[in-house]
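A.B. asks: Dropping a structure here in structure tokens format, bear with me for questions.
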Amino acid sequence: MINEERLLNEFIELVSVPCPSLDEKAEADLIVKKLAELGIKAEIDDAGKKAGATTGNVWAFIPSNLDYKVPGLMFEAHMDSVAPTTGTKVVRKDGVLYSDGTTTLGGDDKVGIAASLEAVKVILENKLPHGDIQLCFTIGEEIGSVGVRYMDPSWIKADIGYCLDEGFEPGLVNNAAPRAVKLFVKVIGKAAHAGVEPEKGINAIMLAAKALTALPAYGRLDEETTLSVGKIEGGLASNIVAPSAEFVIDMRCLSPEKLDVLISDTKKTLTEAVEAGGGQIEINVEEGSPAMRISEDDLGVVFVKEATKKLGLPFKLFSSGGCTDGNYLCGMGLPCVALSTGMDKIHSTEECLKEKDLYNLARLVLEIISAAAKKQ
């Protein structure tokens, strides 16, 4: 029932609109217009005002047409794309969509938006049975899920969420992603002339180095935990004993409790190493995304499994070390998984998308809605 030609044209139209992070107004206006043409009134929240963006998240609600209660579903995708993202021209070649090489394609994440809109169109055109459907298209995902971080949870009216923002072919489901934190570390030493009286100084750069080498491991610590030192800077000039140095550690773990232990152990190790060298240390922990862990028996996963079986698509659960808007939605109390969309080589001008994956994603959304409508 999916209209492939219409869906393809809509995808091309969506990616042609400029949509850099925090400047998604043109994209939001286009989506609001498309929803209005379907008789659906869209709303824009105040996340954009909070974030200093040109628009907020776009929301739409399609009420149930059933006379019995079924779980309400939310389909979420983000409006922004990684630069260069202005002036995108789509090239079709052997069933695959590319940009002309001067911009990213924007399939990340217009594929999720286009598939959601097409599924809703089919439902309305054919008066298909459905429960409550909520659409949410967010801002600033590519720079840290800004739209969901500034989202008011009271806008969420669904029982189950689907974040349409993963690689791989439709049918694969990311049901586990890590809690993430950043440790902002400042090591304080003492300045002195490096050539005249270096013994009177305390070199913060060297203390930072000793502290980092005191860590028992970095990189992939185990199957569900990573630790990365992603940025370091310090000192004033080559002839001055460095009075300060700063670095940032990115930590992620599928187990929030295990991450708490790692944070505590890391702070202890760094502090002991710096203080042993006569320096001082300041450590600030900044929470990133909450963990996402949805069981195979969760209704949201069951609906996907039923939908893929009907469509003849492969079904597989997988975990990821990356984070999506779905992590934050889980943190707000909405059970949410991330659906694979077919997007490939994202964040580059080589980004591409198989046409069949675009069509299959729309079919999958439609069948998930159908599966939920049968749940009494």
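The values are calculated or read from the model by the stated rules, or taken from the named source; none is laboratory data. On a predicted model such as this, the values are computed, not experimentally measured, just so you know. Note: ideal-geometry Cβ built from the backbone for every residue, glycine included; neighbour counts use all protein chains shown. Calculation scope for accessible area: heavy atoms of the full protein, side chains included, ligands and nucleic acids excluded. Shrake-Rupley method; radii C 1.70, N 1.55, O 1.52, S 1.80 Å.
A.B. asks: Among all residue pairs at least 6 apart or on different chains, which show Cβ distances below 6 Å where the first residue, located in the range 26-41, is free of Cβ contacts under 8 Å to residues at least 40 places away in the same chain and the second is open to solvent by 40 Å² or more (accessible area, probe 1.4 Å)?
C.D. replies: These pairs meet every condition: Ala26/Pro18.
A.B. asks: Six or more apart or on different chains, Cβ under 8 Å: which pairs go from a residue in the range 218-241 that's touching a residue at least 60 places away in the same chain (Cβ under 8 Å) to one that's open to solvent by less than 80 Å² (accessible area, probe 1.4 Å) and hydrophobic (A, V, I, L, M, F, W, C)? Could you list them?
C.D. replies: Note: pairs meeting the criteria are Glu224/Cys253; Glu224/Leu254; Thr226/Met251; Thr226/Cys253.
A.B. asks: Now, a different point. Could you give every pair whose Cβ atoms fall below 6 Å, whose first residue belongs to the range 63-87 and is closer than 12 Å to Ala158 by Cα and assigned to a loop (DSSP other than H, G, I, E, B), and whose second residue is open to solvent by less than 10 Å² (accessible area, probe 1.4 Å) and among the small types (Gly, Ala, Ser), counting only separations of at least 6 or pairs across chains?
C.D. replies: From residues that are closer than 12 Å to Ala158 by Cα and assigned to a loop (DSSP other than H, G, I, E, B), the pairs are Ser64/Gly131; Val70/Gly131; Val70/Ala372; Val70/Ala373; Pro71/Ala372; Gly72/Gly131.
A.B. asks: Tally up the residues in the range 351-373 that are open to solvent by 10 Å² or more (accessible area, probe 1.4 Å) and either without any contact (Cβ under 8 Å) to a residue 24 or more places away in the chain or closer than 17 Å to Asp132 by Cα (or both), please.
C.D. replies: Going through the range 351-373 one residue at a time, the tally reaches 4.
Residues checked against (1) of a type in the set (Val, Ile, Thr); (2) within 21 Å of the chain's Cα centre (by Cα); (3) assigned to a strand (DSSP E or B); (4) over 15 Å from Asn203 (Cα atoms):
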site: Ile232; (1), (2), (3), (4): yes, no, yes, no
site: Ala237; (1), (2), (3), (4): no, no, no, no
site: Met251; (1), (2), (3), (4): no, yes, yes, yes
site: Leu262; (1), (2), (3), (4): no, no, no, yes
site: Asp265; (1), (2), (3), (4): no, no, no, yes
site: Gly278; (1), (2), (3), (4): no, no, no, no
site: Val285; (1), (2), (3), (4): yes, yes, yes, yes
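A.B. asks: Still on this structure, please answer the following. Taking the range 35-60 as the search range and keeping residues that are within 27 Å of Gly144 (Cα to Cα) and among the charged types (D, E, K, R), which one is least open to solvent (accessible area, probe 1.4 Å)?
C.D. replies: The qualifying residue least open to solvent (accessible area, probe 1.4 Å) is Asp45.
A.B. asks: Just to check your reading of the model, which residue among Val261, Val285, Val304, Val274 is open to solvent by 60 Å² or more (accessible area, probe 1.4 Å), in contact (Cβ under 8 Å) with a residue 24 or more places away in the chain and of a type in the set (Val, Ile, Thr)?
C.D. replies: Only one candidate qualifies: Val285.
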